[in-house]
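These notes are about the structure you will find just below.
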Amino acid sequence: MWVRSVLSMTSLLGVAISSAVANPAIEPGDQARTSDFSFALVADSPYGDDNIPAFQRVIEDINGDTRVKLVMHAGDIKSGSTKCSDERIRARFEQIQTIKPPVIYTPGDNEWTDCHRPKAGRFNPVERLAFLRKVFFPVPGQTLGVSPMAVTTQAKSPGFKPFVENVMFEQADVVFSTQHLVGSNNNLKPWSGIDAKDSAKKPRAERLAEYQQRNAASLDWLDKTFARAKSSDARGVVIMIHANPNIEDDFTSKKRAGFNDYLNKLFALTADFNKPVLLLHGDKHVFFVDKPKLVPWYKDGDALTAFNTQHFLPNLTRVQGFGDTPQHWVKITINGEGEELFTVVPQIVEGN
């Protein structure tokens, strides 16, 4: 087993997944083995404006846990029906900056992709993405949070200068990586709020170009992530995206069109790596841990014959974070040698 899941009763949740105690963080790039290392996953937070106080309680809960050494935020810092104003984006940034550990953030669709919607202000999503990158990634290669840390950014790779949000680093002999995949079918959903002619059959050129460039960046960064994990003999890989990529749907489903290229590569690289891979995301607002069912996950049945009859990849585990209402977080621990690599524990915040 690569993810431990021992059940116990709690007064707030009913059931929880077994936890582990963490030791102090090791610095990025330090290859020394560690006994335990814990980090937090938050997603779709604070989402609506009415959730701002609840998200602040989540932040305070995380800040009060000295075992948490970094925070992964899987995007959607606002709801899709609130205005994508400069003021709201900056306010979300300022709140996230009160988190004490380093914060690794990947954008969600609500803060840029869906900003064409009338209730969101009829903004051009490409313009909003540029603004979001300016606010949330002021220093490429440095995380957010009260105590930021250095990370490797794809923006330093030739041909990928805009992609400051795709980062990579190592902790506890595990490679962490973010790739920018968002809901609304990874931006293949038409921008109907600003362009009535935009459609799936006749896509707006600007929207399609954005998707193609970001998709190429994601595939490149995914390759580099597993290459780094192999070269450093990492114990595992942690990947964070925003979108729930509809893994269980057939590849012919329209809902998967924006994710097929990425999923095919992710599954092939995961199978080849043959060590634990943890996929983190938000988007659907319901916490779960699973072994996603692959039905089927590639067009060519001969691509990986050994996996053609399997319903899941044994070394791939997926975690979807809490989001919107209720506002809680997930503690994930990288365990020491000789144990299951990851332990996933939902953290229920009192008052939320």
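The values are calculated or read from the model by the stated rules, or taken from the named source; none is laboratory data. From a predicted model like this one, the values you see are computed outputs, not experimental measurements. Reconstructed Cβ throughout: ideal geometry from the backbone, glycine too, with neighbour counts over all protein chains shown. When the accessible area is computed, the model is the full protein with side chains, heavy atoms only, and any ligands, DNA or RNA have been set aside. Shrake-Rupley method; radii C 1.70, N 1.55, O 1.52, S 1.80 Å.
Descriptive notes on the structure:
- So residue 131, is it in contact (Cβ under 8 Å) with a residue 40 or more places away in the chain and either under 23 Å from residue 342 (Cβ atoms) or open to solvent by 10 Å² or more (accessible area, probe 1.4 Å) (or both): yes
- Some residue of segment 61-75 being within 20 Å of residue 176 (Cα to Cα), open to solvent by 50 Å² or more (accessible area, probe 1.4 Å) and among the basic types (Lys, Arg): yes
- When segment 45-60 is limited to residues that are part of a loop (DSSP other than H, G, I, E, B) and over 30 Å from residue 335 (Cα atoms), the one that is most open to solvent (accessible area, probe 1.4 Å) turns out to be 47.
- Lone unmet requirement of (1) under 20 Å from the mean Cα position of the chain (by Cα); (2) farther than 19 Å from residue 321 by Cα for residue 69: (2)
- Residue selected from segment 232-261 under the condition of a type in the set (Val, Ile, Thr) and not in a strand (DSSP E or B), by the criterion farthest from residue 338 (Cα to Cα): 252
- Every residue from segment 243-255 that is in contact (Cβ under 8 Å) with a residue 60 or more places away in the chain and under 17 Å from the mean Cα position of the chain (by Cα): 243, 244, 245, 247
- Residues being assigned to a strand (DSSP E or B), open to solvent by 60 Å² or more (accessible area, probe 1.4 Å) and closer than 14 Å to residue 103 by Cβ - total across segment 142-161: 2
- Selection of strands (runs of 3 or more DSSP E) fully inside segment 270-352 by the criterion of at least 2 residues being modelled with pLDDT of 90 or more and either open to solvent by 40 Å² or more (accessible area, probe 1.4 Å) or more than 26 Å from residue 171 (Cβ to Cβ) (or both) returns 288-290.
- Comparison of 118, 138 shows that the only residue that is open to solvent by 10 Å² or more (accessible area, probe 1.4 Å), assigned to a loop (DSSP other than H, G, I, E, B) and within 24 Å of residue 285 (Cβ to Cβ) is 118.
- Restricting segment 80-102 to residues that are over 20 Å from residue 182 (Cα atoms) and in a loop (DSSP other than H, G, I, E, B), the residue that is nearest to the chain's Cα centre (by Cα): 102
- Any hit, segment 162-176, residues being open to solvent by less than 60 Å² (accessible area, probe 1.4 Å), farther than 22 Å from residue 244 by Cα, of a type in the set (S, T, N, Q) and modelled with pLDDT of 95 or more: yes
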